[in-house]
Amino acid sequence: MSEHDRTFVMVKPDGVQRGLIGEIVSRFEDRGLKLVAGKFMQIDRDLAEEHYGEHEGKPFFEGLVEFITSDPVFAMVWEGKDAVRQVRNMMGETDPAESPPGSIRGDLGLDLGRNVIHASDHEDPGSNEREISLFFDEDELLDYERVDEGWLYE
Ligand code: IDP
Ligand code: MG
C-alpha cells in the first residue's frame, strides 16, 4: 500500500447544514477511495487557527475562522492512489465560480466563502500528513482492505 497516499478532507459547516455529507462521501466512495477515518465534530478556535495558519494576516482570515468554528464539520481521511491530487481535482477550484461542472464545488457551491469542502493541497507537500495528525490520533486511522480493491488497481 506504500504507493497509496492519504488526504485530509472536511465537509465544512455550510455543507453539513445543507445536508451534503452523504453526497460528498458517496463521490469519494464511488471513485474507489477508501475511508480510513471520520469524525463529526465542532472545531475550536485554536484548532481552526492552526489548520488555517498559512492564511493568518489575510483579510478573510478572521471570517474564515469564525465560519469554520460556527457549526459542526465532518472530518475524514481518504486513502488511494494519488489521493491528495485526485481529491483536489474532484473538489474543483477554491472559488466555486471557477470550478467546472462535475466538480464538488462546481456542482454544490456558488460563493468563495461558502465552498462546502476542504481538502489537503497537493501543491503544498506534507500538508496532508500535517492536517491528518492535527485532527486524528494515529489509532483512529483504520487499516483494512476494501472488498473491491482487486478491481480498482491493476
Ligand atoms: P482551498 O480551500 O481551495 O485550499 P485556500 O486558498 O487554502 O483554498 O483558502 C482556504 C479557504 O479560505 C477557502 O476554501 C475559502 O473558504 C477561504 N478563502 C480563501 N480565499 C478567500 C477570499 O478571498 N475570501 C473569502 N474566503 C476565502
Ligand atoms: Mg488550501
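For region 33-60, a residue qualifies if it is more than 22 Å from PHE136 (Cα to Cα) and either of a type in the set (D, E, K, R) or in contact (Cβ under 8 Å) with a residue 12 or more places away in the chain (or both), and the qualifying residues are GLU56, LYS58, PHE60. VAL65 - would you say it is modelled with pLDDT of 95 or more, of a type in the set (A, V, I, L, M) and touching a strand residue (DSSP E or B) at 6+ places or on another chain (Cβ under 8 Å)? No: the conditions fail for VAL65. Pairing each residue of region 95-124 that is without any contact (Cβ under 8 Å) to a residue 24 or more places away in the chain with any residue that is of a type in the set (Ser, Thr, Tyr) and within 12 Å of ligand 2 (Cβ to nearest atom), provided the two are 6+ apart or on different chains, yields C-beta distances under 7 Å for LEU112/THR94. Per this entry, VAL73 is not counted among residues that are closer than 28 Å to GLU145 by Cα, in contact (Cβ under 8 Å) with a residue 60 or more places away in the chain, within 13 Å of ligand 2 (Cβ to nearest atom) and not aromatic (Phe, Trp, Tyr).
GLY63 - would you say it is away from ligand 2 (no atom under 16 Å from the Cβ) and in contact (Cβ under 8 Å) with a residue 24 or more places away in the chain? When the stated conditions are applied, GLY63 does not pass them. Taking region 114-129 as the region of interest, how many residues are exposed (fewer than 13 other Cβ atoms within 10 Å of the Cβ) and within 10 Å of ligand 1 (Cβ to nearest atom)? Of the residues in that region, 2 qualify.
State which residue is surrounded by the most Cβ atoms within 10 Å (Cβ to Cβ) when the search covers only region 52-79 and only residues that are touching a helix residue (DSSP H, G or I) at 6+ places or on another chain (Cβ under 8 Å) and of a type in the set (Gly, Ala, Ser). Filtering region 52-79 for residues that are touching a helix residue (DSSP H, G or I) at 6+ places or on another chain (Cβ under 8 Å) and of a type in the set (Gly, Ala, Ser), the one surrounded by the most Cβ atoms within 10 Å (Cβ to Cβ) comes out as ALA75. Within region 63-102, restricting attention to residues that are assigned to a loop (DSSP other than H, G, I, E, B) and hydroxyl-bearing (Ser, Thr, Tyr), the residue that is farthest from the chain's Cα centre (by Cα) is SER70. Put simply, of LYS81, LYS58, LYS39 the only residue that is basic (Lys, Arg) and under 12 Å from VAL9 (Cα atoms) is LYS39.
The values are calculated or read from the model by the stated rules, or taken from the named source; none is laboratory data. Because the structure is predicted, anything quoted here is derived from the model rather than measured. Neighbour counts are summed over all protein chains in view; Cβ atoms, including those assigned to glycine, are modelled from backbone coordinates with ideal geometry.
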